[in-house]
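S.K.: Quick one: structure below, then a few questions.
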């Protein structure tokens with residue numbers, strides 16, 4: 001999966017990829033103070049493509065708001081919402097909405113799921129539908145955090161660590177391997193990183209083709225930009 | 001230049017005449033195509049970036065093609081037309097820190113000659129006590145007739161004249177002829193073909209580098225020197241023996257992440273050297289900033305030996321870290337000076353200044369540049385001078401340039417190189433010794449008009465104030481001049497009378513050269529100042545300054561950032577002509593050119609600077625698959 005940290009105040013974005021063996025569960029957001037946790041599990045292609053490159057995607061998310069007593073499991077097949085011991089299951093094949101005391105959920109058919117957790121966070125999950133008979137690819141999900149301002153300063157996780165901004169500077173622009181993708185040096189979190197100007201896709205407006213977001217790409221699973229290593233964010237279960 | 005053995009460069013001559021600091025240089029090159037087919041011949045020359053091209057011509061087969069100075073927008077239309085039909089255009093490119101390169105090439109028929117003549121003019125600036133004439137020569141091969149000839153005419157009298165060149169070996173050194181009389185100097189260098197060769201029988205030339213002449217004039221009159229020629233006057237003011245005014249300087253030092261490595265080390269080294277050079281009666285403060293601002297001490301400190309030693313230790317400890325909060329750092333520095341002023345902790349007669357050193361864009365705290373400029377201007381309130389040092393290619397120089405000019409100061413680019421420490425020290429040295437504050441040069445109202453700027457916030461040791469104007473009365477016998485300022489002990493006030501000097505008497509054999517140089521000096525200075533004004537102040541004033549600068553650039557045939565020289569090359573065989581454009585580069589364009597050069601190829605910036613797709617103001621953090 002590719003991560004994009006959009007920074008409209010700086011008119012810029014950062015991006016990186018995180019990959020691991022299929023089945024790995026990563027922590028994306030961890031805010032013990034607010035009681036919010038988001039974990040996601042990745043899958044790989046159906047078989048190894050001719051180019052040998054194993055692609056992984058998120059196919060399942062577990063979202064918990066302990067304080068509000070809300071949990072959601074979102075897979076490429078369905079969405080289950082649990083609040084105060086009451087369960088509801090929604091299908092991606094329906095357009096539906098669910099309004100509870102602490103959580104609002106809106107599903108658009110085969111498209112997106114918007115989740116608003118009361119006084120804490122708003123996010124959108126996109127479903128990427130792939131032709132069932134595609135030899136390699138299968139359905140996968142994208143996770144977009146839209147409003148995080150009520151989360152606590154201690155929020156962390158692969159995405160959460162960026163919710164309160166990041167200081168960085170880019171300098172020493174130089175030609176990269178590809179003429180359209182120059183390299184540069186980034187200073188962030190006390191590290192000097194070799195980064196590459198490129199773009200990654202934001203699928204919110206166009207779920208099929210996406211829209212290119214120019215960004216500074218941090219190599220090696222975001223090494224140096226993320227705190228610690230990607231392996232530090234591996235968790236044993238979705239909840 | 002040519003790589004073709006069948007093309008011979010017959011002559012390269014550089015003829016420079018300096019009259020009252022105004023330098024008029026003509027570079028002429030003649031080449032012969034000895035082949036029995038047409039050849040492309042290149043004319044590449046470099047000129048100082050402070051110079052304006054005034055003329056260019058090519059003589060081919062008896063026909064002369066002359067460049068024409070036009071309004072840039074109009075020239076651009078011609079240029080675009082040429083580009084759309086597949087022809088080439090731009091003639092001027094940035095070349096290093098001090099120079100820009102003018103390049104043109106033409107096809108010359110078999111056994112034909114071509115003569116290129118480029119003329120440019122500049123007002124030499126006095127820096128660290130001398131004027132510098134820089135002539136860059138790089139013929140690609142030995143030249144039948146090679147000559148650099150410089151004549152300097154300074155009615156004040158010459159105090160010293162030095163000539164040297166980066167390519168002068170012990171063998172070539174005696175070939176530099178220097179004749180210095182009281183008010184006139186002649187320097188020439190004209191090696192024979194054999195003397196130019198890198199070795200006997202080789203085609204390679206030793207002549208490759210900078211020929212530099214440095215000189216200064218005598219200064220006896222406190223009121224300065226005033227020259228009146230052909231209805232225009234010019235006043236040079238740099239009086240001798242003035243005591244320096246103590247300064248209170250706050251150094252605001254960027255230590256953000258991008259300063260990491262060499263830049264940070266050079267900054268530390270320069271700071272240590274600069275602190276060492278502080279005078280004991282000066283006061284100083286050190287502020288370092290990234291996203292936060294750290295101050296060495298709460299207030300300014302007297303530059304005693306012990307304090308300077310402590311400050312040097314502090315400077316040595318500055319480490320890079322984090323983002324760039326210029327706004328807060330500037331406001332903290334300014335407020336510290338204001339607090340100390342209000343509390344009478346600083347000498348009454350002293351100058352307050354802030355020196356900002358940064359290598360990057362503000363990206364923390366207040367990132368909006370106009371807002372920062374407004375905050376700084378408002379905080380300073382006209383009560384101190386701001387000098388900005390922009391380190392490297394990533395800095396927004398225009399931001400610093402405008403901010404300095406709005407606050408009685410100047411900005412300077414510091415180039416990333418091994419000598420950056422020296423560049424920083426040199427700049428500091430230029431502003432380290434203020435002699436006078438709030439200097440006014442006053443001329444009789446009824447005798448002059450169109451006077452260039454006559455108020456200057458400060459006069460620094462080693463520099464010079466220049467004012468020029470037009471006389472309304474050409475028969476003026478006496479011209480009363482008054483200079484007012486604030487010095488160390490008393491208010492400075494001098495008066496003097498300038499008489500019309502008879503140049504025919506002073507230089508009886510050479511009167512033909514002087515012509516309208518004072519008028520052109522005045523025009524050059526006026527255009528420079530109008531271009532500066534066009535960057536700051538209210539919109540209508542900026543527009544007026546731009547319009548006036550354009551009008552004068554066209555009138556006096558100066559290639560400035562508002563005009564272009566259009567050069568029409570000979571018609572090609574298919575009957576089309578191909579206009580070429582010589583532009584004057586701005587500092588921003590130079591910086592951009594350096595960025596692109598450092599990227600090794602062009603057409604890349606547009607990708608890099610394209611704005612990201614944005615949906616809303618609030619940030620989005622996402623993870624998805626392709």
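S.K.: Run the simple label-point estimate for residue B:426 and residue A:134 please: 7 Å along Cα→C-beta, distance reported in nm.
M.R.: Modelled inter-label distance: 6.0 nm.
S.K.: At what distance in angstrom do the alpha carbon centres of segment B:430-451 and segment B:146-185 lie from each other?
M.R.: Here the answer is 32 Å between Cα centres.
S.K.: If one takes the longest principal axis of the Cα atoms in chain B, at what angle in degrees, from 0 to 90 and to the nearest 10, does the Cα axis of helix B:72-84 lie?
M.R.: Its long axis makes an angle of about 60 degrees.
S.K.: Also, quick follow-up: Between residue B:366 and residue B:147, what is the FRET efficiency for a Förster distance of 60 Å, r being their Cβ-Cβ separation, to the nearest 0.05?
M.R.: 0.60
S.K.: May I ask you to compute the full-extension gain from residue B:76 to residue B:281, defined as 0.36 nm times their residue separation minus their alpha-carbon distance, rounded to one decimal in nm?
M.R.: 68.3 nm
S.K.: For chain B, take the longest principal axis of its alpha carbons; what is the angle in degrees between that and the long axis of helix B:326-342, to the nearest 10 within 0 to 90?
M.R.: The angle comes out near 60 degrees.
S.K.: Still on this structure: Restricting to Cα pairs below 8 Å that are 6+ residues apart, what does the relative contact order work out to for segment B:44-165? Please round to a whole percent.
M.R.: This gives 37 percent for segment B:44-165.
S.K.: Which whole-number percent gives the relative contact order of chain B, counting Cα pairs below 8 Å spaced six or more residues apart?
M.R.: Working: 1340 pairs, mean separation 95.8, N = 626.
RCO, chain B: 15 percent.
S.K.: Which length gain, in nm to one decimal place, applies between residue B:160 and residue B:306 when the Cα-Cα distance is subtracted from 0.36 nm times their residue separation? Provide the component values of the computation, followed by the final result.
M.R.: Working: separation 146, 0.36 × 146 = 52.56 nm, distance 3.86 nm.
Taking residue B:160 through residue B:306 to full extension adds about 48.7 nm, to one decimal.
S.K.: Something else now. Using alpha carbons only, how many degrees (0 to 90, rounded to 10) separate the axis of helix B:517-533 from the longest principal axis of chain B?
M.R.: Relative to chain B, helix B:517-533 is tipped by roughly 50 degrees.
S.K.: What's log10 of I(q)/I(0) for chain B at q = 0.05 Å⁻¹, Debye sum over Cα points only, no solvent?
M.R.: Here the Debye-derived log intensity ratios amount to -0.26.
S.K.: Enter the mean number of other protein chain beta carbons within 10 Å of the beta carbon of each residue in A:5-17, as an integer.
M.R.: 5
S.K.: When only Cα pairs under 8 Å and 6 or more residues apart are kept, what is the percent relative contact order across segment A:150-239?
M.R.: About 19 percent, as a whole number.
S.K.: Could I ask something else about it? What is the antiparallel percent of DSSP beta bridges lying wholly in chain A, to the nearest 5?
M.R.: Of the beta bridges lying entirely in chain A, close to 95 percent run antiparallel.
S.K.: Let me ask something else about it. Can you tell me the FRET efficiency between residue A:109 and residue B:343 if r is taken as the Cβ-Cβ distance and R0 is 60 Å, rounded to the nearest 0.05?
M.R.: According to the calculation, E is roughly 0.25.
S.K.: Here's a follow-up. Of all DSSP beta bridges located in chain B, what percent are antiparallel, nearest 5?
M.R.: Percentage antiparallel, nearest 5: 80.
S.K.: Between residue B:535 and residue A:181, take the C-beta separation as r, use R0 = 51 Å, and let me know the FRET efficiency to the nearest 0.05.
M.R.: 0.90
S.K.: Moving to a separate point now. How many nm is it between the label spots at residue B:589 and residue B:172, if each spot is 7 Å from the Cα in line with the beta carbon?
M.R.: Those two pseudo-labels are separated by 3.1 nm.
S.K.: Quick one: in segment A:28-179, what % of C-alpha pairs are over 29 Å apart?
M.R.: Summing the P(r) of segment A:28-179 above 29 Å gives 29 percent of all pairs.
S.K.: How much length is gained on full extension from residue B:198 to residue B:509, taking 0.36 nm per residue of separation minus their Cα-Cα distance? Kindly include the intermediate steps, with their values, before the conclusion.
M.R.: On the way: separation 311, 0.36 × 311 = 111.96 nm, distance 3.87 nm.
Separation in residues times 0.36 nm, less the Cα-Cα distance, equals 108.1 nm.
Here, each number is a calculation from the coordinates, and none is a lab measurement. All values derive from a computational prediction rather than experimental measurement. Don't worry about glycine lacking a Cβ; one is built from the backbone with ideal geometry, like all the others, and counts go over all protein chains shown.
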